[in-house]
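See structure below.
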Amino acid sequence: MKTREFGSGGPKVSVIGQGTWFIDRGDRNNAVAALCRGLDLGMTHIDTAEMYGDAEPVIADAIAGRRDEVFLVSKVLPSNASRRGTITACERSLKRLKTDHLDCYLLHWRGSYPFDEAVAAFDELVRAGKIRSWGVSNFDSDDLDELLGVAGAGKIACNQVLYHLQERAIEHAVIPWCEQHGVAVVAYSPFGHNDFPSARSKGGEVLQAIAQAHKATPRQVALAFLTRADSVLAIPKASSAEHAADNAAAGDLTLSAAEIAALDKAFPLGPKPRGLPML
């Protein structure tokens, strides 16, 4: 499994990690088995959020006895992102995850509280040893500019954003901004939201041809394409141990320049949208 620096001067983190949105909706034992299999295969970056229902307790079961292997991330809801509310939400997540610290803590999206409240809370949590770093999710480049003015350089570890073959809006401004400022880009929902390209579509045919050339799967090819830039990591979700193993195999797949160009043509970037897409 390839690893990449998580933020400026941050630790090396697996390029393919594990998302957990809706992981609590299915069989709990299967969810725990999927996370454990992912860890066994090097997908040590596990992402969750207080918004994700009972995902945090499921993760607690999966990482029991192996916390030191994991780069663990959770998120605070904007409605809780006052200074005191952020600290309380973090402590609640720590309790549900049965750990004494998070490796990174994110503001889930921009809300009504001023940035200086969340930043002050994040700094306090870092000083207390309850989080190692902090970042954001669903922030466009102008939001990042404003946050940088409040927090200062070198503080924002990552920006977690929607990114898949058919939604490449972050390539316009977000990825360049993050690369300029040493901020990791974490792609959530990298297979789309129940709309992965059909094998019968033109794009799906391109995916299939490249997959066959590498003895890989189309989803592995998609992950390799999305993480082609050194600044980008991805956090696909897996509902079974077999699915986790399929995702993990993408961490060793490297596409040629010609294959990247073919995928770029099959799934064009499109014009810059007025607002950053998010789920």
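Ignoring ligands, DNA and RNA, what percent of the 1.4 Å accessible area of the range 28-116 is carbon and sulfur?
Numbers: 1670 of 3560 Å².
Of all accessible area on the range 28-116, carbon and sulfur atoms account for 47 percent.
If packing is taken as the mean number of other Cβ atoms within 10 Å per residue, what is the order of 122-133, 60-71, 242-253, highest first?
242-253, 122-133, 60-71
For the range 1-35, the residues whose backbone nitrogen is under 18 Å from a point 7 Å from the Cα of residue 252, taken along Cα to Cβ, are 1-4, 14-17.
Taking 7 Å steps out from each Cα toward its Cβ at residue 2 and residue 193 produces label points 2.8 nm apart.
If r is the Cβ-Cβ distance from residue 245 to residue 98 and R0 is 25 Å, what FRET efficiency results, to the nearest 0.05?
0.45
The range 62-83 and the range 1-30 have Cα centres spaced 11 Å apart.
With both labels modelled 7 Å from their Cα along Cα-to-Cβ, the residue 69 to residue 112 distance reads 4.4 nm.
Helix content alone sets the calculated 222 nm mean residue ellipticity of the chain: runs of n ≥ 4 DSSP H residues at -39500 (n - 2.57) each, divided across all residues, give -12000 deg cm²/dmol. The string of couplings for the range 153-167 from the Karplus curve (6.51, -1.76, 1.60, θ = phi - 60°) is 5, x, 8, 7, 7, 7, 10, 9, 9, 5, 7, 8, 4, 9, 9 Hz, one whole number per residue in order, with x for Gly and Pro. The range 115-144 and the range 215-266 have Cα centres separated by 29 Å. DSSP assigns beta bridges within the chain; of those with both partners inside it, close to 15 percent run antiparallel. Pairs with C-alpha atoms separated by more than 29 Å, drawn from the list 155/272; 98/215; 2/237; 12/202; 95/237, are 98/215; 12/202.
Got the relative contact order for the chain handy, in percent, Cα pairs under 8 Å and 6 or more residues apart?
22
All distinct Cα pairs of the range 153-279 go into the 1/r average, and the inverse of that average, the Kirkwood radius, is 15.1 Å. Estimated from the Cβ-Cβ distance and a Förster radius of 30 angstrom, the FRET efficiency linking residue 230 and residue 27 is about 0.25.
Rounded to the nearest 20, the Cβ-based charge dipole of the range 91-142 about its Cα centre (Lys and Arg +1, Asp and Glu -1) stands at 420 debye. Working from the Cα coordinates of the range 1-107, the gyration tensor eigenvalues give, after taking √(5λ), semi-axes of 21, 18, 11 Å in decreasing order.
Ligands, DNA and RNA are left out, and with a 1.4 angstrom probe the accessible area of the chain is 43 Å² per residue.
For 278, 1, what's the largest-to-smallest order of accessible area, 1.4 Å probe?
Of 278, 1, the descending order of accessible area is 278, 1.
Packing here is the average count of other Cβ atoms within 10 Å per residue, and on that basis the peptides 47-56, 6-15, highest first, run 47-56, 6-15. To the nearest ten degrees, helix 83-97 and the longest principal axis of the Cα atoms of the chain are 60 degrees apart.
Our estimate of slack between residue 261 and residue 91, defined as 0.36 nm per intervening residue step minus the Cα-Cα distance, is 56.6 nm. Placing a label point 7 Å from the Cα of residue 145 along the Cα-to-Cβ line, the residues of the range 244-279 whose backbone N sits under 16 Å from it are 273-276. Across the range 24-92, the relative contact order, built from alpha-carbon pairs under 8 Å that are at least six residues apart, equals 33 percent. Where both bridge residues fall in the range 136-188, DSSP classifies roughly 10% of the beta bridges as antiparallel.
By the Stokes-Einstein formula, at 1.567 mPa s and 4 °C, the chain with its Kirkwood radius over alpha-carbon pairs has D equal to 69 µm²/s.
The values are calculated or read from the model by the stated rules, or taken from the named source; none is laboratory data. These numbers come from a predicted model, not from an experiment. When we count neighbours, we look across all protein chains shown, and the Cβ atoms used for this are built from the backbone with ideal geometry, even at glycine. Note: accessible area is taken over every heavy atom of the protein model, side chains too, but ligands, DNA and RNA are not part of it. Shrake-Rupley method; radii C 1.70, N 1.55, O 1.52, S 1.80 Å.
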